[in-house]
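Engineer: Please find one structure pasted underneath; my questions will follow.
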Amino acid sequence: MIFRVARGADRLFELPMPPLAIDALVVSCEHAGNRVPERYRAAFQTARATAALESHRGYDLGALFVAETLAKRFAAELIYSDVSRLVVEFNKSIGHPKLMSEFTRHLDRTAREVLLRDHYFPHRERVEAAVRRHVTGGRTTLHLGIHSFAPTLGGRVRQAEIGLLYDPQRAQEKELCARWRRSICSLAPELRVRRNYPYRGDADGLTTTLRRVFPPEAYLGIEVELNQALTASAGEAREALTEVLGEALAAQRRCSV
Ligand SMILES: [Zn+2]
């Protein structure tokens, strides 16, 4: 039998894509809020600190709404932290220069250690534990880290509504993002969906850390970056975006060939 790949009217038949076998979903939101725990309030007393907390630097505007909605839709576990990323950056590894912001990096060593112990490690460990529960049960797990980004940064306009961040070395992640992107584009052609934009999926982050813990056949870690032009305020735009993301992801469910 000769399989012929043809385009256009003379196509003989289409070969279905190999099915992606994903059994479980975990949703996380590392920058869900801008809360400053009592213990660290003194470091955030200035007007500059208050302004930073309220801005995109303080948290990912609208990300928690999207994370909650998607988790509910797929009956997935949601893990989020509402402590501001300016207190501690949950999506950076220990040792990263941006782990602590200009407001907390000058705390004394003990205070920094307590901060990591009380907030940073518990969040990261909860996400890892949720993935581990599925993986040890033999379930291939998709972990979605939901984030949002500022429409402009440093005077540059970001050219996308949705960014899907993955590790190009992980074939399953790459394939899922390609498919997810296609589905989003067919449902809502006006949305610009870019891969590994505005950041690289293999840069330092929670998914990158978890890829070192779990093998590719057990763990797919995707960061979803959403433009705050759509997510920042409650309303139709944010709801429509979330609906499209969910609908397009649902279309990727395991299918039989
Ligand atoms: Zn984020």
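The values are calculated or read from the model by the stated rules, or taken from the named source; none is laboratory data. As the structure is a prediction and not an experimental result, all values here were calculated from the model. Heads up, the Cβs are rebuilt from the backbone with ideal geometry, glycines too, and the neighbour counts pull from every protein chain shown.
Engineer: Condition test on N196, is it on the phi > 0 side of the Ramachandran plot and within 16 Å of the ligand (Cβ to nearest atom)?
Structural biologist: The answer is yes for N196.
Engineer: What is the residue count in region 100-128 for residues that are part of a helix (DSSP H, G or I) and among the polar types (S, T, N, Q)?
Structural biologist: Residues meeting the conditions: 1.
Engineer: Within region 164-188, take every residue that is hydrophobic (A, V, I, L, M, F, W, C) and under 15 Å from A218 (Cα atoms) and give me the one that is modelled with the lowest pLDDT. Break it down into steps so the answer makes sense when it comes.
Structural biologist: The first filter runs over region 164-188 and keeps only residues hydrophobic (A, V, I, L, M, F, W, C), leaving 164-165, 171, 176-178, 180, 184-185, 187-188.
The next check asks that each one be under 15 Å from A218 (Cα atoms); those that pass are 171, 176.
Working: A171: 91, L176: 94.
Within region 164-188, the match that is modelled with the lowest pLDDT is A171.
Engineer: Separate question: Name the pairs: first residue in region 45-67 and farther than 18 Å from S81 by Cβ, second residue within 15 Å of the ligand (Cβ to nearest atom) and outside any loop (DSSP other than H, G, I, E, B), Cβ to Cβ under 6 Å, at least 6 apart or on different chains?
Structural biologist: none
Engineer: Here are some residues: V131, V66, V87. Which one is β-branched (V, I, T), buried (at least 20 other Cβ atoms within 10 Å of the Cβ) and assigned to a loop (DSSP other than H, G, I, E, B)?
Structural biologist: V87
Engineer: Going by what's in this entry, would L99 be described as within 11 Å of the ligand (Cβ to nearest atom) and not acidic (D, E)?
Structural biologist: no
For (1) within 12 Å of the ligand (Cβ to nearest atom); (2) among the charged types (D, E, K, R); (3) closer than 21 Å to A250 by Cα, each residue gets a yes or a no:
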| position | (1), (2), (3) |
| --- | --- |
| A21 | no, no, yes |
| V36 | no, no, no |
| R39 | no, yes, no |
| R48 | no, yes, no |
| A67 | yes, no, yes |
| K72 | no, yes, yes |
| A75 | no, no, yes |
| I79 | no, no, yes |
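Engineer: I've got another one for you. Restricting attention to region 134-150, and to residues there that are of a type outside the set (S, T, N, Q) and in a strand (DSSP E or B), which single residue is surrounded by the most Cβ atoms within 10 Å (Cβ to Cβ)?
Structural biologist: Selected residue: I146.
Engineer: Among the residues of region 180-230 satisfying the criterion of being farther than 28 Å from E125 by Cβ and among the β-branched types (V, I, T), which is surrounded by the fewest Cβ atoms within 10 Å (Cβ to Cβ)?
Structural biologist: Here the answer is V193.
Engineer: Name the residue, out of S55, S93, that is of a type in the set (S, T, N, Q), within 14 Å of the ligand (Cβ to nearest atom), closer than 25 Å to E225 by Cα and modelled with pLDDT of 95 or more.
Structural biologist: When all the criteria are applied, what remains is S55.
Engineer: Under 18 Å from the mean Cα position of the chain (by Cα), farther than 23 Å from A24 by Cβ, away from the ligand (no atom under 12 Å from the Cβ) and touching a residue at least 24 places away in the same chain (Cβ under 8 Å), is that true of V87?
Structural biologist: No: the conditions fail for V87.
Engineer: If you check G205, G221, G201, which single one turns out to be in contact with a Ser or Thr (Cβ under 6 Å, 6 or more places away or on another chain), within 16 Å of the ligand (Cβ to nearest atom) and either at pLDDT below 95 or not acidic (D, E) (or both)?
Structural biologist: G221
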